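Below you'll find the structure, written out as structure tokens, and then a few comments.
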Amino acid sequence: MDIATLFGLIFGIAVILIAILGSSGIGIFINVPGLLMVIGGTFAATLIKFPFDEVRGAFKVAAQAFTKREEKLETLIEQATTLCTTVRKGGLLALEEAPVDNPFFRKGLQLCADGNPGDFIRDALNREMEQSAERHQVGQDIWRAIGESAPAFGMIGTLVGLVQML
């Protein structure tokens, strides 16, 4: 994650909190029933639209987006070059002992070490990429649905609050 994104998020929240606390207490802005309507309603609508396992998977992937570090292409290229030298010196079986962190790269190396033909390896890795893309598409669809339904439940919470106020 870019440091500017984190700084912007913290700064924006701080500005809003300072403005709220400068004029009145924060308690006046907290409406627990409205919050429950928005969060609970959005979650319920998401569960109606998608199976629970897919929703749970989308939340796990979202958590990884903030914690998983991005791999640099240069590092992978250097690693591949080193592994080529290893294969020339020790043969394909030397790949089994190679220290590789990337699971996709590791799978490709294992397929090579097992002596599979190039077409088989290419097909297997392409299939893996396609399945990964499909899983990510489902996660994107879930987060898009959450983004679409949350404002509607926000309006419902607002209307209920207005009725209660009157």
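With axes computed from alpha carbons, what is the tilt in degrees of helix 52-67 against the longest principal axis of the chain, rounded to the nearest 10 within 0 to 90? Compared with the principal axis, the helix lies near 80 degrees. Here is the list for the stretch 23-111: GluC sites (Glu not before Pro) lying in DSSP coil, each with at most 14 other C-beta atoms within 10 angstrom of its C-beta, are Glu70, Glu71. Looking at the square roots a ≥ b ≥ c of the eigenvalues of the Cα gyration tensor of the stretch 60-143, which shape do they give, rounded for a/c under 1.5, prolate if a/b is larger than b/c, or oblate? Oblate, since a/c reaches 1.5 and b/c is not below a/b.
Mind running the shape call on the stretch 1-114? Use the C-alpha gyration tensor, a ≥ b ≥ c as the square roots of the eigenvalues: rounded below 1.5 for a/c, prolate if a/b tops b/c, oblate otherwise. Spell out each step's value before the answer.
Values: a/c = 6.69, a/b = 2.20, b/c = 3.05.
Because a/c hits 1.5 or more and a/b fails to exceed b/c, the stretch 1-114 counts as oblate.
For the stretch 98-140, a/c is not less than 1.5, where a ≥ b ≥ c are the root eigenvalues of the C-alpha gyration tensor, and a/b does not top b/c. That puts it in the oblate class. With the full set of protein chains in place, find how many percent of the accessible area of the chain is carbon and sulfur; take the probe as 1.4 Å. Using a 1.4 Å probe with all protein chains present, the chain comes out at 67 percent carbon and sulfur.
Pairing the Cα long axis of helix 73-90 with the longest principal axis of the chain, what angle in degrees results, from 0 to 90 and rounded to the nearest 10? The angle comes out at about 20 degrees.
Specify the angular offset, from 0 to 90 degrees and rounded to the nearest 10, of the alpha carbon long axis of helix 32-49 from the longest principal axis of the alpha carbons in the chain. So the inclination is approximately 40 degrees.
In this calculation the C-beta distance from Ile77 to Glu54 is compared with R0 = 25 Å, giving a FRET efficiency of 0.10.
When you count the other C-beta atoms within 10 angstrom of each residue and take the mean per peptide, 24-35, 104-115, 154-165 line up highest first as 104-115, 154-165, 24-35.
The values are calculated or read from the model by the stated rules, or taken from the named source; none is laboratory data. From a predicted model like this one, the values you see are computed outputs, not experimental measurements. Neighbour counts run over all protein chains shown; Cβ positions are idealised from the backbone, glycine included. What goes into the accessible areas is simple: the full protein's heavy atoms, side chains included, and nothing from ligands, DNA or RNA. Shrake-Rupley method; radii C 1.70, N 1.55, O 1.52, S 1.80 Å.
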